[in-house]
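Structure below; questions to follow.
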Amino acid sequence: MTGPGKVRFEDVVKMHGNFAALKGVEFEIEPGEFFALLGPSGSGKSTTLRILAGLDMPTRGRVILDDQDVTAQDARERDVAMVFQSYALYPHMTVAQNIAFPLEMEKKSKAEIEPLVREAARKVRIDHLLDRRPGQLSGGQQQRCALARAIVRRAKLFLLDEPLSNLDAKLRLETRAELKRLQRDLGVTAVYVTHDQEEAMTLADRMAVFMEGEIQQIGRPADVFARPNSIDVAGFIGSPPMNLLPGRIEGGQVVVAGKPLSTAPAGLASRDVIVGVRPGAVQVNGTGRAATVEFVENLGDTAILDLKLDGAPIRARISDGRPFADGDQVAITVAPQDVHLFDAETRRRIEA
Amino acid sequence: MSLAEPVAAPSGAALSPAASGHLDVMARRERRFAAALLAPAFIALGATTTFPLLYLIWTSTFRMDLAMPFMDGFVGIENYRQLFADPRFWQSLSVSMIYTVTTVIAQVILGLALALLVMNMKRGQGLFRFIAILPVVLSPAVVGMVWRSFMLTPEFGVIDYLSISAGLGSQNWLGDPFMALVSVIVIHTWQWTPFAFMVLLASLASLPDDIYEAAKIDRAGPWQRFWRITLPLLRPAIVMVVIMRTMVALTAFAAIFTVTGGGPGTATEILNLYAYRKSFTELSIGYGSALAVALLVVTILISAVLFLIRRAK
Amino acid sequence: MKTKHLRAIGLLIVTGIFILAWVFPIFWSVLNSLKNEQDVLAYPPKLFFEPTLAAYRSVLFGPQSILPNLWSSFVISAGTTILTMAIAIPAAYALARLRVPGSRWAGFYVLATQMLPPVGIIIPYFLILRNIGWMDTYQGIILIYLSFSLPFAIWLMVSYFEDIPFEMEEAAAVDGASRLTTLRRIILPQVQGGIAVTIVFVFLNAWNEFLFAVVLSGNTVRPVTIAMFNFVSVEQTLWTQLAAVSVIAMLPVVILGILAQKHIVKGLTVGAVKGGGRR
């Protein structure tokens, strides 16, 4: 490795004409960290990665790599490696030639290149395919080839742009685990763009959640999941998404649809709020508030109940959907610690 | 956005000087690379097209006779005035129009008919595609020579033989003004119909099958399917063929030159050929230049009309 | 059932006529080139005869050998092709790829040059070449052939460059390759097929060109298309030799056309898609 790979974005703005793709993005990535950029399409996560790679230039702000301002350097001057969403394998070269290409650009000798290529290929288990061309590989093998080409040079930064999105579901799971192991082994800083929260949750040490050109929240995946700091993050993270119900804090109670749902944290003044409850935190049992089962979605190992709570839709995730049928009357409760409160006006989280 | 901007610009400005400087440097590097790649092409195109065009317009304002150089001199728009009063110009223009309109229409109708015919063939499509290549890759000069000699020569050519066999007698195909014009039109159509055929066949093949199935379910007959579905969908391809073939027909040269040389008299002398003959046979370069400019103007006018048709709808 | 049969037969007859109409003139030239002096003049025309290569022997090795003319055609076509490709490939890459202000206008200019009638180019060119003594020279004729081969080659190559995804260049940049290295090692190998097709068409168009050749040719530069007139004169036409020369002139372009068969529609219509015409 050529360096530790510490990244800092300082107030990075990217304008496309009058449209602000990034509105002042700031974050830091520690050496060796697996950092995910998560967000829906068009949220600016890919733009951020491209600016980090040096493929796009920011309109304003600075990019610092290992205490050195690299804003003005383009991709070939920065010591970064990247796996593209489309893999961007060179179709006229064999797998071996593809992997060797970045080393050749470093003017390494043939004798040096050969073992490095072999090792990189072995790490991603394509060493038996070195003489094939990309067109003769399956999607998964192409993806590994792209990975090998990125790791062979031991760059400071390892950038991945939705690398799993073109794989089928089963292969995606396998590769996901392998990717994490690979990054640990190499000890390299990895920046990973994805719109799939599950990937970000499982892979990342920390992640940044992007919305409309801004970072909404940065933190460890578990923390972001447990304490989303805005309504938008709360609605984006988690599947099925968090129930978000208009409500009020009144007399020490969280009131939804005219009736108390649970006790409110102490010391909060009365006001309008958005109440967030994860479907998994909705307990369906004999006591509590009455709700009607609109629809049972059976997922096999779990089930989702679409409920109506005095007119307000709310979902519950339960382990077994069999006891329930459409139209059943049930009672639900939510533990106070499972209630997320957001200010209806500022859309920010209300801390107890 | 330029580098000359003072470095101490207010930091609150939308663009900090440092960052915009990077963008500027990048853009300039990109521009310089592009310029280096494009320069040879633009120099070559300038030298072989734009410069000759300007020179052509310049010479068209001169009297320039290679046979009588002592008369040469600047005459302003005299050549153009002469041109408007020149019956041979108007005749060549009308021959051009007849030649262009008939050949283009014939190519499109025959090409479309053939494409529809071949499209429905289960076998033998490959043979058609193969044969269609032959005429279009040949030199029009060679095509003209073959037709003139082996097809149309009286009492020797195959067409004449067929005519005699059919009891119509031997004809002087290229000696009669009307027959000569028909002949050059037929030859051009023969050579270029395969072009229309290939383009329209490719376009037909790209039409999705399911819309025809949907039309059948909507109970459209074959005739209705052709008029209501095939033709509107082929319209862009047909318009493209018309535009391209019109441009070629207006500047057709080799085949007519080889077959009739513009004759008999001026019966097959299209404007393009007239400009050539005036310049290089009669050696009146100045007047020939004016004719060439007139041809350019006609070409631009016609293509403008065709492009408007293409835009419409 | 009956009408279906009738229609099938009708279809067969119509297609047969079309095939015959297209093939016959070419087929007949080939036949005539294989006849002797008596057979070619026979009336009614002979379909069956004793074939002979006498005409080919005569036009290739006789006193009026067209070998020098074949060489001339080849030098013109090859020279035009090499020069055209050397200029067109970088230009097409720049037009297809680089985000530079004015590149749309540059592309439009390339298209617009194709509107010029060739006769309007050859008149001033004739005057210029006569002045600098380049009449009847290869450099003169090759230079003017650029006027039609360049716009064509540029547009055809642009369409091939545009087929390559942008990520190729970005991946190469991340891998540390310079712009030129990227072009040479990553991009050009991927358009090899397109380059081959373009070469075929440029060569073919140069081989077939006639107007410029008529004006500029002389004793040194005398391509086959011009030389075939040697066999036609007012006194007599050398029918078999003329047929043989025609067949020889057709041969290379037919071979090239067959080689490029799959790409011929693209080659014929390039540029038109963008809104222009080709002559």
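Compute the acute angle (0 to 90°) between the alpha-carbon long axis of helix C:192-208 and the principal axis of greatest extent of the alpha-carbon atoms of chain C; round to the nearest 10°.
Roughly 40 degrees between the two axes.
State which stretch of chain A is the longest one without any exposed GluC sites (Glu not before Pro), exposure meaning a DSSP loop state and at most 16 other Cβ atoms within 10 Å.
My reading of the result: A:213-344 is the longest stretch.
Can you give me the three principal axis dimensions of chain B from its C-alpha atoms, in Å, biggest first?
That works out to 97, 78, 31 Å along the principal axes.
Can you pull the mean other chain C-beta count within 10 Å for peptide B:142-155?
Neighbouring Cβ atoms belonging to other protein chains average 6 per residue here.
Now a separate question. How large is the helix-only mean residue ellipticity at 222 nm for chain A, computed as the sum of -39500 (n - 2.57) over DSSP H runs with n ≥ 4, divided by its residue count, in deg cm²/dmol to the nearest 500?
Estimated from H runs of four or more residues: -7000 deg cm²/dmol.
With each run of n ≥ 4 DSSP H residues scored as -39500 (n - 2.57), what mean residue ellipticity at 222 nm is computed for chain C after dividing by its residue count and rounding to the nearest 500 deg cm²/dmol?
Value at 222 nm, helices only: -22000 deg cm²/dmol.
How well do other chains shield peptide A:262-274, expressed as the mean number of their Cβ atoms within 10 Å of each residue Cβ?
Per residue, the number of nearby Cβ atoms from other chains is 0 on average.
Here's something else I'd like to know. Let me check I've understood the local charge: for A:VAL124, count other residues with C-beta under 9 angstrom from its C-beta, Lys and Arg +1, Asp and Glu -1. What total comes out?
Taking every Cβ under 9 Å from that of A:VAL124, the sum is +2.
Could you give the alpha-carbon Rg of segment B:121-202 over 2.2 N^0.38 Å, rounded to two decimals?
1.29
Okay, moving on. So if I restrict to the alpha-carbon atoms in segment B:20-178, what is the Rg, and what is Dmax, the biggest pairwise distance, in Å?
Values for segment B:20-178 (Cα only, Rg and Dmax): 26.6, 86 Å.
Continuing with this model, one more query. Give the relative contact order (percent, whole number) for segment A:112-215; include only Cα pairs under 8 Å separated by 6+ residues.
This gives 23 percent for segment A:112-215.
Using the C-alpha atoms of segment A:87-230, what convex hull volume per residue, in cubic angstrom, is computed?
It is 126 Å³ per residue.
Now, a different point. List the equivalent ellipsoid semi-axes of segment B:223-290 in whole Å, largest first, each obtained as the square root of 5λ for an eigenvalue λ of the Cα gyration tensor.
Taking √(5λ) for each eigenvalue gives 38, 13, 8 Å, largest first.
Work out which GluC sites (Glu not before Pro) in chain B are exposed loop sites (DSSP not H, G, I, E or B, at most 15 other Cβ within 10 Å) and give the longest gap free of them.
In chain B, the maximal stretch lacking such sites is B:1-154.
Run down the lysines and flag those whose C-alpha is under 28 Å from the C-alpha of A:LYS170, throwing out any fewer than 8 positions away in its chain.
A:LYS45, A:LYS123, A:LYS180
Taking a cut-off of 22 Å between Cα atoms, list the lysines near A:LYS107, but don't count ones fewer than 8 places away on the same chain.
By straight Cα distance, A:LYS107 reaches A:LYS156.
When a footprinting reagent is the concern and you count Cβ atoms within 10 Å, what order do A:HIS195, A:HIS340 take, fewest first?
With the sparsest Cβ surroundings first, the list reads A:HIS195, A:HIS340.
Once you list every other residue whose beta carbon is under 14 Å from the beta carbon of C:VAL40, what net charge do they have if Lys and Arg are +1 and Asp and Glu are -1?
Charge balance in the 14 Å sphere: -2.
Taking only DSSP H segments of four or more residues, each worth -39500 (n - 2.57), what value at 222 nm results for chain B once the sum is divided by all its residues, to the nearest 500 deg cm²/dmol?
The helix-only estimate for chain B comes to -21500 deg cm²/dmol at 222 nm.
In segment B:195-281, what trypsin sites (Lys or Arg not before Pro) fall in a loop by DSSP, with at most 14 other Cβ atoms inside 10 Å?
Loop-located and lightly packed - B:ARG219.
Just the number: Rg to Rh for segment C:2-59, Cα atoms, Kirkwood Rh, two decimals.
Taking Rg over the Kirkwood Rh, I get 1.24.
Which of the helices in chain B meet the span-like rule: DSSP H, Cα axial reach of 20 Å or more, Kyte-Doolittle mean at least -0.5?
Length and hydropathy pass: B:17-45, B:87-119, B:177-205, B:231-250, B:285-311.
What is the pair-distance distribution P(r) of chain A, computed from all Cα-Cα distances in 10 Å bins starting at 0, with each bin given as a whole percent?
5, 22, 25, 21, 15, 9, 3, 0
Starting from the Cα of C:LYS266, draw a straight line to each of the aspartates and glutamates and keep only those under 16 Å, dropping any in the same chain fewer than 8 residues away.
Those aspartates and glutamates meeting the cut-off are C:GLU162, C:ASP163.
Sort B:ASP176, C:ASP175 by Cβ crowding within 10 Å, fewest neighbours at the top.
B:ASP176, C:ASP175
Let me ask something additional. Under the 0.36 nm per residue contour assumption, what length would be gained going from the current alpha-carbon distance of A:ARG118 and A:SER239 to full extension?
39.5 nm
A further question on this structure: Could you pull the Rg and Dmax for segment C:54-108, using just the Cα atoms, both in Å?
Both quantities, over Cα of segment C:54-108: 20.5, 62 Å.
Cα axis of helix A:169-186 to longest principal axis of chain A: angle in degrees, 0 to 90, nearest 10?
60 degrees
Mind giving me the nanometre distance, one decimal, between the label points for C:THR237 and C:ALA78, set 7 Å out from Cα along Cα→Cβ?
Here the modelled spin labels are 3.4 nm apart.
Using the alpha-carbon atoms, what tilt in degrees (0 to 90, nearest 10) does helix C:2-33 show relative to the longest principal axis of chain C?
Its long axis makes an angle of about 80 degrees.
Another question, then. Can you give me the pair-distance distribution of segment B:142-189, C-alpha pairs, 10 Å bins, whole percents?
Per 10 Å bin, starting at zero, the Cα-Cα P(r) for segment B:142-189 comes out as 30, 59, 12, 0 percent.
Report the semi-axes of the equivalent ellipsoid for the protein assembly as shown in whole Å, largest first, where each axis is √(5λ) for an eigenvalue λ of the Cα gyration tensor.
The equivalent ellipsoid of the protein assembly as shown has semi-axes of 71, 34, 28 Å.
If you add up the charges near A:GLY247, with Lys and Arg at +1 and Asp and Glu at -1, over every other residue whose beta carbon is less than 15 angstrom from its beta carbon, what do you get?
0
Could you identify which residue out of B:ILE256, B:ILE238, B:ILE159 has the top mean-square fluctuation in a GNM of chain B using Cα springs shorter than 10 Å?
In this elastic network of chain B, the residue with the biggest mean-square fluctuation among B:ILE256, B:ILE238, B:ILE159 is B:ILE159.
So what are the three principal axis dimensions of chain C from its Cα atoms, in whole Å, longest to shortest?
Dimensions of chain C along the principal axes of its Cα atoms: 74, 72, 33 Å.
Also, quick follow-up: Need the C-alpha centroid separation for segment A:245-268 versus segment A:101-166, integer Å.
Between the Cα centre of segment A:245-268 and that of segment A:101-166, the gap is 56 Å.
When all alpha-carbon pairs of segment A:13-73 are counted, what percent fall beyond 19 Å?
Pairs farther apart than 19 Å: 29 percent.
Let me ask something else. So which trypsin sites (Lys or Arg not before Pro) in segment B:75-173 pass both tests, a DSSP loop state and at most 13 other Cβ atoms within 10 Å of the Cβ?
Those satisfying the criteria are B:LYS122, B:ARG123.
Every number here is computed from the coordinates shown, using simple stated rules; none is lab data. Model, not experiment: these values are computed from the prediction. Every residue, glycine as well, gets a Cβ built from its backbone with ideal geometry; the counts of neighbours run over all protein chains shown.
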